[in-house]
Amino acid sequence: MAVTGWFVLLVAAGVVPVVLLDESIGAGWALLGWLVLCLLLALVDLVLAASPRAARLERSTAERVRLTESADAVLYLTNPTTKRMRGIVRDAWEPSAGARPARQRLDVPAGERRAVRTTLTPWRRGERRAAMVTIRAIGPMRLAGRQASIQLPGAITVLPEFAARKHLPSRLARLRELDGRTSVMVRGQGTEFDSLREYVRGDDVRSIDWRATARRGGDPGGAGAMGPAQTLMVRTWRPERDRRVIMVVDSGRTAAARIANETRLDTAFESTLLLAALADRAGDRVDVAVYDRRVRGRVQGARGADLLSKLTETMAPIDPELLETDWSSVPALVRSMTAQRSLVVLATPLESPGATRSLLTMLPQLTRTHLVLVAAVTDPELVAAAASRGDRPAVYRAAAAERALLDAERVAAAVKRLGGDVVSAPPLELPPAVADRYLAYKAAGRL
């Protein structure tokens, strides 16, 4: 049973005549009589209200939605009773599902069905679930009603936002330049033969293909001679394709830290999605593993649109584990994914030397065979704290921030001494920074 605000007002209205009546004529009995009358009216209203437990419920919800985007969850409510069902309905979702509005008015005639639409705007990845549906059916006098909570399971999968996709067009334009859609192509390590074209002023004479030149001109001047109208042909080169890019995302306890309103793991996922999309367009093969002490998610062998689809579905339910990452098993994990030289990107924070000791111990095993890049998130608040020295507490904070920044620099230097490379940036800048480093490797022929 549930009472409404109208019932409270009705009870309060009985105070006025009781106050006006004299005690001698039985004000106490008048008050008691008024309360009994209010209770009788509420019981009559309760009997006349439709039963919420008799309602038949169905749910229609989108299977998946990207983080910060919205999707509709539609609740279909059928009233099989002979009474009109009026009141309030609440479709209860997890708070992180961002369900709005929380409560909605309900008016379903006897034998009919109505749709109750709830907009979900989730602010956390993963599977967001609906617990139950609460229906409060109010009687015709709107004094009291019946309330019931009915289990109706529902879920929606929240995919990573992939906000870094806005950087993809500009990186693809640079990739097209590297692929040979400009006139500047230089042979070197990490390049392969692309095509032949006519010589233009400024081309490297070492790229002239004399056999192709002779075949085109027909050798009009005799053996070994060139005619005056002979057209020189030069070879063009492009970066090698079908290379391997291995992404290992650290999902240990350090990935749970929130920087700039998102976890380090979410930033690593953004970097992974952008790099995977770029490398796939470049013709390289991309494999991804999310790892702490076990493989939490793995995508291998996917290409094209299927790659990003599998990546987002794999990443969606993964949250950081509150344990130390076992870096000693990472070389075996990489070997299980590929045996050829690859670009191995380790998405993990670089903090104090003590916290990264196992990472530094493992690194030489990878750098002997692979090109290793460590992608680390930096905290912009540390930089701001190091520059703020207005008062004594600020000076102490600045000292602590400087210590943390120096520790990160020491670890980065140690990674470079062991043969690896480091790219570090704030959360919003890390994904394009990783993509830029990949393009630099392609341009330099290191991949």
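The values are calculated or read from the model by the stated rules, or taken from the named source; none is laboratory data. Everything numeric here is computed off the predicted structure, so don't read it as measured data. We place every Cβ from the backbone using ideal geometry, glycine too, and count neighbours over all the protein chains shown. Each accessible area value is taken on the protein alone, full model and side chains, heavy atoms only, with ligands, DNA and RNA left out. Shrake-Rupley method; radii C 1.70, N 1.55, O 1.52, S 1.80 Å.
Rounded to whole Å, the principal axis extents of the Cα atoms in segment 48-93 read 45, 16, 13, largest first. Of I88, I156, the order by accessible heavy-atom surface (1.4 Å probe, DNA, RNA and ligands excluded), from most exposed downward, is I88, I156. What is the Cα centroid distance between segment 358-388 and segment 128-153, reported in whole angstrom? Value for the Cα centre distance between the two parts: 53 Å. If I ignore ligands, DNA and RNA and count only protein heavy atoms, how much of W6 is accessible to a 1.4 Å probe, in Å² to the nearest 10? Number for this one is 150 Å².
Rounded to the nearest Hz, the phi-derived 3J(HN,Hα) couplings of segment 411-425 under the Karplus curve 6.51 cos²θ - 1.76 cosθ + 1.60 (θ = phi - 60°) are 5, 4, 5, 5, 4, 5, 5, 7, x, x, 10, 10, 10, 10, 6, where x marks glycine and proline.
Between the amide H of R293 and those of D326, distances stay under 5 Å, these residues lying 5 or more places away or on another chain, with hydrogens modeled in the peptide plane. Accessible surface computed residue by residue for the chain, with neighbouring protein chains in place and a 1.4 Å probe, gives 52 Å² per residue.
Each residue was assigned an accessible area with a 1.4 Å probe, and for R437 the value is about 70 Å². Of E313, E351, the residue with the largest accessible area leads and the full order is E313, E351 (1.4 Å probe).
DSSP finds beta bridges in the chain, and of those with both partners inside it, around 70 percent are antiparallel.
Sequence-distant contacts, meaning Cα pairs under 8 Å at least 6 residues apart, place the relative contact order of the chain at 13 percent.
Taking amide H atoms as placed 1.01 Å from N in the peptide plane, the amide H of V344 lies under 5 Å from those of I246, L371, V372, L373, each 5 or more residues away in sequence or on another chain. Accessible surface of segment 230-329, 1.4 Å probe: 42 percent of it comes from carbon and sulfur atoms. When the inverse distances between all different Cα atoms of the chain are averaged and flipped, the Kirkwood radius reads 27.8 angstrom. Of the trypsin sites (Lys or Arg not before Pro) found in segment 302-391, those that fall in a DSSP loop while having at most 11 other beta-carbon atoms within 10 Å are R303, R368. About its Cα centre, the dipole of the chain is roughly 880 debye, where the only charges are +1 on Lys and Arg Cβ and -1 on Asp and Glu Cβ. The Rg/Rh ratio of segment 314-364, with Rg taken over Cα atoms and Rh as the Kirkwood radius over Cα pairs, comes to 0.99. Relative to the globular-protein estimate of 2.2 N^0.38 Å, the Cα radius of gyration of segment 296-435 stands at 1.22. Derived value for segment 261-356: Kirkwood hydrodynamic radius 14.4 Å. Basis is the mean of 1/r over every pair of different alpha-carbon atoms.
Counting only lysines at least 8 places from K442 when in the same chain, those with an alpha carbon closer than 27 Å to its own are K166, K310, K416. Taking a straight line from the alpha carbon of K83, these aspartates and glutamates sit under 19 Å away, with near neighbours fewer than eight places off in the same chain left out: D45, D107, E112.
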